[in-house]
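First up is the structure itself, then whatever we jot down about it.
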Amino acid sequence: MSNTYTQIHILCVFAVKFRQSVIQPVWKDRLHQYIIAIVRNNGHKVISINNMPDHLHLFFGFRPDQSLSDLMRMVKGESSEWINKERFTPSIFRWQEGYGAFSYSRSQIKVVAEYIENQEKHHRKKTFLEEYQQFLDQFEVEYDERYIFKPLEYVLPLQGKNSTFQYSLPNYCLYEAGFSMLYNL
């Protein structure tokens, strides 16, 4: 697109389907490299990428010759396919439908990149749901609470025939407690 000059910086946040905490430290760097390659191959520039076991932050310079929804469809679809091909998870891996996308000015790049790089630190104090709602509120994005991420319900078997116990906990509590894999039934 000749004579078109832009400076667009987008932070996309998206979660693992059912917010399962399945992204493991042992393969997260490979996941980052794979996603970076997808973004670069589509003509965009990654500024920062990081994840927690249940969600990912992708901050990049965006070129307007492709729609954001097309890029995100490719990032999520191709990375899911790759994760499954590599068999990094015990069951089929999928990203949750949808994503949050937030734009930043050039003067905010350093602060946003540092925030993304320090995800582990932030999630010691704040759940993913709290973080995501803060983004939506900060950017004055209207949303229906029925369609944003909710605390997960975990069903654990108890002693005895067909006994179960159900409770809800924020992911970060289980992550901080050292659980590396959570299952949703």
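The values are calculated or read from the model by the stated rules, or taken from the named source; none is laboratory data. Just so it is clear, the model here is predicted, and its values are computed rather than measured. We place every Cβ from the backbone using ideal geometry, glycine too, and count neighbours over all the protein chains shown.
Considering each of E97, E114 in turn, give the residue that is exposed (fewer than 13 other Cβ atoms within 10 Å of the Cβ) and within 24 Å of I148 (Cα to Cα).
The unique qualifying residue is E97.
Does the range 130-137 include one or more residues that are at pLDDT 75 or above and either polar (S, T, N, Q) or over 21 Å from V13 (Cα atoms) (or both)?
yes
Somewhere in the range 150-172, is a residue farther than 25 Å from F62 by Cα, in contact with a helix residue (DSSP H, G or I) (Cβ under 8 Å, 6 or more places away or on another chain), at pLDDT below 75 and among the polar types (S, T, N, Q)?
Yes, the conditions are met somewhere in the range 150-172.
Taking the condition of being within 14 Å of C12 (Cβ to Cβ) and of a type in the set (A, V, I, L, M), how many residues in the range 75-112 meet it?
The number of residues fulfilling the criteria is 3.
Mind checking which pairs have a first residue in the range 12-39 that is touching a residue at least 40 places away in the same chain (Cβ under 8 Å) and under 22 Å from L136 (Cα atoms) and a second that is among the hydroxyl-bearing types (S, T, Y) and outside any helix (DSSP H, G or I), Cβ under 6 Å, 6 or more apart or different chains?
C12/Y99; F14/Y99
Being among the polar types (S, T, N, Q) and free of Cβ contacts under 8 Å to residues at least 40 places away in the same chain is the filter; apply it to the range 40-70 and report the residue that is surrounded by the most Cβ atoms within 10 Å (Cβ to Cβ).
Step by step, filter the range 40-70, then rank; the result is N42.
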